[in-house]
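The values are calculated or read from the model by the stated rules, or taken from the named source; none is laboratory data. Please read these numbers as outputs of a predicted model, since none were measured by experiment. We place every Cβ from the backbone using ideal geometry, glycine too, and count neighbours over all the protein chains shown.
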Amino acid sequence: MRTGKIPVVATIVVALAVAAMVGLGVWQLERRHEKEAVLGQYRANLSLPETAYPANAADQSYLFRTVSAHCLRVIGWQVKGGQRPGGGPGWRHIATCSTGAEGPGVIVDIGMSADPKALPVWTGGQVTGTATTEPDSSSALRRWLGHRSPPRLMIVSNDGLAGLERSPRPDPAEVPNNHLAYAVQWFLFAGVAVVIYILALRRRGAKPVA
């Protein structure tokens with residue numbers, strides 16, 4: 001169906017697509033302000049007094065705050081690559097701990113080594129450090145589908161334990177706030193779609209109605 005030489009169905013489809021992209025851009029701008037508020041809280045957490053590891057291990061409000069916990073016993077280890085404080089690559093040794101029959105358990109980054117095969121001799125004890133999130137081992141597909149569990153808090157020890165080098169303290173400045181860039185991308189996509197559609201109309205000899 002056409003009105004004059006303007007294809008009505010195609011025009012409606014393009015208009016809906018452009019409206020959706022503009023809407024996504026506006027949503028990203030709103031997310032940007034929300035993220036700025038969250039980052040402000042993270043920066044404030046750095047100077048808050050030490051507190052106990054929360055009962056809810058996924059409570060993100062504790063991120064970047066100094067927390068303490070007692071590792072009753074180590075029940076598992078992970079080794080993850082990272083950047084050593086003095087520069088150069090290193091390997092973070094991360095213990096999964098039991099905190100008792102009723103405890104939430106706790107994950108502790110006890111320090112770094114230059115050898116991924118190093119076997120630190122550490123069986124637990126009192127740990128104090130900065131709260132961050134545990135390493136994300138879920139697949140990209142599960143993350144995209146939203147099927148992963150909320151990440152738990154991990155303590156990055158203030159001191160290198162078991163003879164290891166201390167891991168870098170988590171820094172809120174490393175948390176990206178890319179929502180403005182995403183918003184600009186959506187607005188550009190909308191603009192490009194409009195330009196392409198106008199050019200397509202001109203190529204078929206139609207003149208858009210003002």
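Only residues that are surrounded by 17 or more Cβ atoms within 10 Å (Cβ to Cβ) and over 20 Å from S149 (Cβ atoms) were counted in the range 85-115, giving 8.
Among residues of the range 183-210 that are under 17 Å from T11 (Cβ atoms), those with a Cβ under 8 angstrom from a residue that is of a type in the set (G, A, S) and at pLDDT 90 or above, sequence gap 6+ or separate chain, pair up as A190/G25; A193/A17. Out of everything in the range 1-57 that is under 30 Å from A69 (Cα atoms), among the small types (G, A, S) and exposed (fewer than 12 other Cβ atoms within 10 Å of the Cβ), what residue ends up being farthest from the chain's Cα centre (by Cα)? Restricting to residues being under 30 Å from A69 (Cα atoms), among the small types (G, A, S) and exposed (fewer than 12 other Cβ atoms within 10 Å of the Cβ), the top hit is A52.
Residues in the range 155-202 that are within 29 Å of Q41 (Cα to Cα), assigned to a loop (DSSP other than H, G, I, E, B) and touching a Ser or Thr at 6+ places or on another chain (Cβ under 6 Å): N158, R169, P170.
Checking the structure you have, find out if any residue of the range 4-20 is closer than 23 Å to N178 by Cα, touching a Leu at 6+ places or on another chain (Cβ under 6 Å) and touching a residue at least 40 places away in the same chain (Cβ under 8 Å). No, the conditions are met nowhere in the range 4-20. Every test in (1) under 14 Å from D109 (Cα atoms); (2) touching a Gly at 6+ places or on another chain (Cβ under 9 Å); (3) exposed (fewer than 14 other Cβ atoms within 10 Å of the Cβ) is passed by R73 save one, and that test is (1).
Looking only at residues of the range 7-64 that are touching a strand residue (DSSP E or B) at 6+ places or on another chain (Cβ under 7 Å) and in a helix (DSSP H, G or I), we find that the one that is farthest from A200 (Cα to Cα) is Y62.
Among residues that are assigned to a strand (DSSP E or B), surrounded by 13 or more Cβ atoms within 10 Å (Cβ to Cβ) and in contact with a strand residue (DSSP E or B) (Cβ under 6 Å, 6 or more places away or on another chain), G82 is included.
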